[in-house]
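A short write-up of the structure that comes next.
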Amino acid sequence: MKIWQVAQEWSIGGMRLNEAEQPTAGVGQVVVRMQAASLNYRDLLTVKGTGGKFDLPLIPFSDGAGEIVALGEGVSRVSIGDRVCPMFFPGWLDGRPTASNRRLALGGTHPGVLQEFLLVDAEAVSLIPAHLDVREASTLPCAALTAWRALYEEAKIRPGDTVLVQGTGGVSLFALQMAKLAGAGVIVTSSSDDKLERAKELGADHTINYIATPEWGKAAAKWAGTGVDHIIEVGGKETFQQSIEAAGVDGNILVIGMLSGFDQRIFIPSLYSKNLHVIGLSVGNRRMFERMSAAVGRNRLKPVIDRTFSFDEVPDALDLMERGQHFGKIIVEFPKPT
């Protein structure tokens, strides 16, 4: 089978398309013929060597979807022919996060999905909603699940709440769509008026160009009336203080990313005077995925896809992610079987 690896150098240019033996399912395992993968910003950081310390060579990317083609002894929860997504954390099936259940992560501490056949524990895959094709389903394990966990599992969003999402990347657009399912009002920030118009088409109630309005936190709080209830914080260094400004009393700042940098000074009195809840989170467990998948299916939610690349164009897909010119998810489509 063909696999992509970061071979001897941490860089996009250091990736190589290599060959490997097709895996065989052992006890409790399945083999998934991968059909599509989707990119996350975390994948770009990993390939460039800034997303953690891992050994080379590494098969990157965490998110994908495909079809089960082989079952190991004792497997009964899935069948050959099932369309599934492998879980980002294959060892985190339920419950709160621990160091142990988050020890293995696809495309990092565990081989990722950029391989034509993926060997994984049967417990670490979940069926995908019937109305989605595999390209759309490949966006669910990280970006969609992170947005779902933030709003539904942690923030406990309710109808009438207000949500602010930063930018128009994968997590942010999923958070926009999922917040609208809950009956919330949604504010979207971006530096692109064109992207803001597209966000309105997805249901955004209010948009702010943060270049034209540098104090966008105050503008968001004013629009919300008494401050924003839930903020999807993906920016990091350049956005966190503005998120504090935007938040209302007893609000949630759900810290997911660090697109603009890792370090930021925080005006601590704002945290306790507003009684803010700052929640750091990364993805979610299989049980959360199944709840999310059911909601996606019932509401026939469709992920937003920017562009699809072929399997041999993975470096080009990463280049697009690095330029930040996409709106929604970037997809890699695997070769069809001959």
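The values are calculated or read from the model by the stated rules, or taken from the named source; none is laboratory data. Being a predicted model, the structure only gives us computed values, none of them experimental. Positions of Cβ are backbone-derived with ideal geometry, glycine not excepted, and every protein chain shown enters the neighbour counts.
Annotations
- The residues of segment 40-77 that are touching a residue at least 60 places away in the same chain (Cβ under 8 Å), among the aliphatic types (A, V, I, L, M) and closer than 17 Å to R16 by Cα, listed by number, are L44, V47.
- Against the test of being crowded, with 19+ Cβ neighbours inside 10 Å, small (G, A, S), closer than 27 Å to L181 by Cβ and assigned by TED's automatic domain parsing to the domain that holds I253, the options A124, A155 yield a single qualifying residue, A155.
- The listed residue being over 30 Å from P97 (Cα atoms) and β-branched (V, I, T), out of T168, T207, T162: T207
- Scanning segment 199-211 for residues that are hydrophobic (A, V, I, L, M, F, W, C), in contact with a strand residue (DSSP E or B) (Cβ under 7 Å, 6 or more places away or on another chain) and in a loop (DSSP other than H, G, I, E, B) yields a single hit, A204.
- Matching strands (runs of 3 or more DSSP E) fully within segment 112-192 where at least 1 residues are free of Cβ contacts under 8 Å to residues at least 60 places away in the same chain: 185-190
- Candidates are the residues of segment 158-169 that are β-branched (V, I, T) and more than 15 Å from the chain's Cα centre (by Cα); the one that is surrounded by the most Cβ atoms within 10 Å (Cβ to Cβ) is V163.
- Qualifying residue in segment 178-198 (condition: out of contact with any strand residue (DSSP E or B) (no Cβ under 6 Å at 6 or more places or on another chain), under 30 Å from R286 (Cα atoms) and crowded, with 22+ Cβ neighbours inside 10 Å): yes
- Restricting segment 3-28 to residues that are closer than 15 Å to L118 by Cβ and within 25 Å of the chain's Cα centre (by Cα), the residue that is surrounded by the fewest Cβ atoms within 10 Å (Cβ to Cβ): I3
Rundown of residues vs (1) modelled with pLDDT of 90 or more; (2) of a type outside the set (S, T, Y); (3) outside the structural domain of G64 (by TED's automatic domain parsing), yes/no style:
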{"position": "K237", "(1), (2), (3)": "no, yes, yes"}
{"position": "G251", "(1), (2), (3)": "yes, yes, yes"}
{"position": "L259", "(1), (2), (3)": "no, yes, yes"}
{"position": "I268", "(1), (2), (3)": "no, yes, yes"}
{"position": "E290", "(1), (2), (3)": "yes, yes, yes"}
{"position": "V296", "(1), (2), (3)": "yes, yes, yes"}
{"position": "F309", "(1), (2), (3)": "yes, yes, no"}
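- Test: residue in segment 134-151 that is touching a Gly at 6+ places or on another chain (Cβ under 9 Å), surrounded by fewer than 20 Cβ atoms within 10 Å (Cβ to Cβ) and not aromatic (F, W, Y): no
- Condition check for S243: of a type in the set (S, T, N, Q) and closer than 20 Å to L276 by Cβ: yes
- Residue match in segment 93-108 (condition: out of contact with any Leu (no Cβ under 8 Å at 6 or more places or on another chain), aliphatic (A, V, I, L, M), under 24 Å from W10 (Cβ atoms) and surrounded by 24 or more Cβ atoms within 10 Å (Cβ to Cβ)): yes
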